[in-house]
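Quick notes on the structure that follows.
Values quoted throughout were computed directly from the atomic coordinates according to the rules given, and no laboratory measurement underlies them. This structure is a prediction, so every number in the text was calculated from the model and none was measured. All Cβ positions, glycine included, derive from the backbone under ideal geometry; neighbour counts span all protein chains shown.
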Amino acid sequence: MVKPDGVGRGLIGACIQRFEQRGLKLVGMKFQQLSRETAEAHYAEHKGKPFFEDLVAFITSGPTVQMVWEGRDAVAVVRRMNGATDSSQADPGTIRGDFSLSKQRNIIHASDSPETAAREIALYFRPDELVNYALPTEDWLR
């Protein structure tokens, strides 16, 4: 997900470009303003923690872009490409390392496991909204 700060700073294309250049395949994408209800479901594992309200307030403060990417070890690859959650600790060359200095306003979100990815994908996409197709480069990226 490109968060409100990434959308507001015009970084949607830069994020997508990095994933495409890496060889991942985009199979779903939405541009939307999240409701509080959806934001609370997204951050359900943090409910009751002191920073929960700040997370919900930020993610609902502007539009976001939800994406589903496929590829070998996609969850781990995307997380490495995003960089450390605290952007001040993110390596140069990562999305957060190149575009952010904040822990909360850190441009982008990625699921932390295949199980979390499945839950988050179901939160934002119906199965018929995900596109199954072949890229001509898939044989080269195995």
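Enter the Cα centre distance for the pair the range 85-101 and the range 7-46, rounded to the nearest angstrom.
17
Name the most mobile residue of PRO63, PRO127, PRO92, meaning the one with the largest mean-square fluctuation, in a Gaussian network model of the chain with Cα contacts below 10 Å.
Top of the fluctuation ranking is PRO127.
Assuming R0 = 30 Å, what is the FRET efficiency of GLN104 and ASP73, from their Cβ-Cβ distance, to the nearest 0.05?
Efficiency, from the Cβ-Cβ distance: 0.65.
Please give the per residue volume of the convex hull enclosing the alpha carbon atoms of the chain, rounded to a whole number of Å³.
Once divided by residue count, the hull of the chain is 107 Å³.
Treating only the Cβ atoms of Lys and Arg (+1) and Asp and Glu (-1) as charged, compute the dipole magnitude of the range 1-122 about its Cα centre; round to the nearest 20 debye.
Computed about the Cα centre, the dipole is about 220 debye.
Add +1 for every Lys or Arg and -1 for every Asp or Glu among the other residues with Cβ under 10 Å from the Cβ of LEU135, and state the total.
My count for the surroundings of LEU135 gives -3.
Counting other C-beta atoms within 10 Å, which of PHE19, PHE51 has the fewest, and how do the rest follow?
Ordered from fewest to most neighbouring Cβ atoms within 10 Å, PHE19, PHE51 come out as PHE51, PHE19.
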